[in-house]
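Only one structure is covered here, and it is reproduced in the block below.
Derivation of every value follows stated rules applied to the coordinates shown; laboratory data play no part. What you see is a predicted model, and the numbers here were worked out from it, not measured in a lab. When we count neighbours, we look across all protein chains shown, and the Cβ atoms used for this are built from the backbone with ideal geometry, even at glycine.
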Amino acid sequence: QRTTATAATGVRMAARAVPKRHRAAALAYFGGLATATAIALDEWLDLRKWRTVRHVLTTPVSVDMKLHTRVRAAEGEAGQGCVDWPAGRVLLQWAVDGGVPLRHGSVLEVGAGVGVTSIGLALAASCSSDAGGGGGSDGDPTRVLATDVCDSALANLHRNAAENEAPALLRVERWDAAGGTEAVRRLSRLVDPRTLTHVIGADIVSVPIGSGGGGGNAGGDGLEATLAALLAENPALRVTLLLFNRVSGGAVTALAGAAGVPEGGCTLDPALARFERRCAAHGLRACRSPVPEGCLRHVAEALPLRERGLWALGGVWDGLQLYEVRSGPLK
């Protein structure tokens with residue numbers, strides 16, 4: 001008690017030593033210093049392991065969900081599947097904006113991670129069914145199969161689905177998307193691949209599926225081989241991946257131009273270039289296009305201002321690319 005009283009007396013004396021007109025500035029300075037110190041300690045010591053994030057959709061359907069996510073990826077965690085990456089939120093918006101029908105659909109998500117896309121899509125399909133909207137008043141609502149291979153991601157995905165009271169339209173299962181025809185055979189234990197209408201995935205090629213977290217998979221039996229096998233069995237299947245080009249953006253393009261590098265020469269992420277090459281090797285067309293402006297606008301309108309700014313600083317708005325994967329070589 002004596003030590004506490006002495007410390008309190010010292011604080012009061014220090015406060016009196018600062019002129020009244022400067023006390024607000026001093027308080028702001030020391031408060032900012034304390035905040036910066038806490039942030040630095042958190043970065044160095046990894047004090048905060050988890051947080052809860054909220055995602056809200058207001059158009060074309062209303063969805064509000066809270067997800068349990070890691071603040072940063074755990075070391076050695078395959079695919080960083082417990083982190084809330086921006087691509088998942090944008091893929092969800094693209095899906096509900098018309099990319100995926102909210103009725104008559106059967107959707108497989110590869111690398112579902114925290115579940116922002118799968119859980120949100122299932123909630124949207126359920127809301128559409130309740131309201132009698134979303135592309136027609138008849139027919140069953142779209143079903144979603146969320147898959148991942150990371151045990152920690154799956155455990156967290158199950159938790160997020162339960163806490164958001166995800167409807168029975170959503171199933172969470174473990175499935176390894178590497179392996180080509182063998183992967184499709186494993187998938188058939190969960191769902192008949194011929195009944196699927198859509199395969200979706202967000203930011204899933206930065207660490208190639210089937211590479212064991214490394215940089216290559218010389219055997220060629222990764223995600224691309226599995227997509228080829230799925231399309232061979234179900235030619236009407238729509239495969240859409242939302243991938244992040246980490247070397248895009250105005251600054252990179254300007255620097256490349258100043259260095260005399262042709263446009264596109266150094267502005268395509270090596271992971272995306274590798275994905276395109278492997279698709280071609282398996283007889284697939286990986287057609288790249290920008291995310292529709294309306295989709296990005298809907299996401300931006302729903303994001304808090306701080307989050308919007310962080311996405312801009314990280315090059316998210318410029319870097320996201322839609323890939324439609326189809327059978328047949330590029331023409």
Suppose each label sits 7 Å from its Cα in the direction of the beta carbon; what would the residue 50-residue 308 distance come out to in nanometres?
3.1
Between the stretch 151-199 and the stretch 270-331, how far is it from one alpha carbon centroid to the other, in angstrom?
22
Say R0 is 30 Å: what FRET efficiency, to the nearest 0.05, do residue 64 and residue 268 get from their beta-carbon distance?
0.25
Please give the contour-minus-distance gain from residue 277 to residue 33: 0.36 nm per residue of separation, less the Cα-Cα distance, rounded to one decimal in nm.
82.9 nm
Full-extension gain between residue 190 and residue 297, please, as 0.36 nm times their residue separation minus the C-alpha to C-alpha distance.
34.9 nm
